[in-house]
Amino acid sequence: MKKRFACLACALVLAGCVNQKVEKMKFDKAVVEQRLQRYAQLTLAMDTAGMAAMFAPEGELVNPKVPALRGRDAIAKFLAGYSDYKVLAVEDVATSTLIDGDTSEQLGTYRQKVRAPDGQIFEATGRLEINWVHTAPGVWLILQLATFPAN
């Protein structure tokens, strides 16, 4: 009887440990997905300073059409170059969000409808890959955001 009780108690303790880890991963996944939607909101508002602030200090913005940008200041300066553009619609969709401790890898797609300074309206679509890092103050920041335009 003691042996069965000890096994049952051990199983309950282990189940509790596993569930806590699983619950933390679920929570972190939801937070990272919310952060992606926050980035989309900032893009729609063309809040370039807010977008840049979502990057870690050593964060990178990568696109095959331009050299990689490293650091918040370089990213903010690059994004500010589009201040005359009006984003009319944004859709960032995470197709996969994997959590591994204090890091996350997110894959997805993006679609933006934009009005250029000359009034022309165009769509930008493609896929995205985002590496996030959970910082000491408890915030998920972008370590690297890579976009791969479809057009």
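The values are calculated or read from the model by the stated rules, or taken from the named source; none is laboratory data. What you see is a predicted model, and the numbers here were worked out from it, not measured in a lab. As a convention, Cβ positions derive from the backbone with ideal geometry for all residues, glycine included, and neighbour counts pool all protein chains shown. With ligands, DNA and RNA removed, areas are computed over all heavy atoms of the protein, side chains included. Shrake-Rupley method; radii C 1.70, N 1.55, O 1.52, S 1.80 Å.
Numerical summary
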quantity	calculated
Pairs with Cβ under 6 Å, 6+ apart, first in region 38-51 and over 20 Å from D73 (Cβ atoms), second at pLDDT 95 or above	A40/V90; A40/D92; L44/V87; L44/V90
Of residues in region 75-100 being open to solvent by less than 50 Å² (accessible area, probe 1.4 Å) and among the small types (G, A, S), the one farthest from the chain's Cα centre (by Cα)	A80
Some residue of region 46-55 being open to solvent by 80 Å² or more (accessible area, probe 1.4 Å) and either at pLDDT 95 or above or of a type outside the set (K, R) (or both)	no
Among residues of region 25-45, those that are of a type in the set (K, R) and modelled with pLDDT under 95, counted	2
Residue count for region 118-130, restricted to those that are on the phi < 0 side of the Ramachandran plot and surrounded by fewer than 17 Cβ atoms within 10 Å (Cβ to Cβ)	9
Among (1) touching a strand residue (DSSP E or B) at 6+ places or on another chain (Cβ under 9 Å); (2) part of a helix (DSSP H, G or I); (3) over 16 Å from V133 (Cβ atoms), the one test that V31 misses	(3)
Answer residue from region 62-85, given it is touching a Ser or Thr at 6+ places or on another chain (Cβ under 8 Å) and part of a helix (DSSP H, G or I) and is farthest from R115 (Cα to Cα) among those	A76
Neighbours by Cβ (under 8 Å, 6+ apart or cross-chain): first from region 122-151, over 14 Å from T103 (Cα atoms) and among the acidic types (D, E); second open to solvent by less than 70 Å² (accessible area, probe 1.4 Å) and at pLDDT 95 or above	E123/Q112; E123/V114
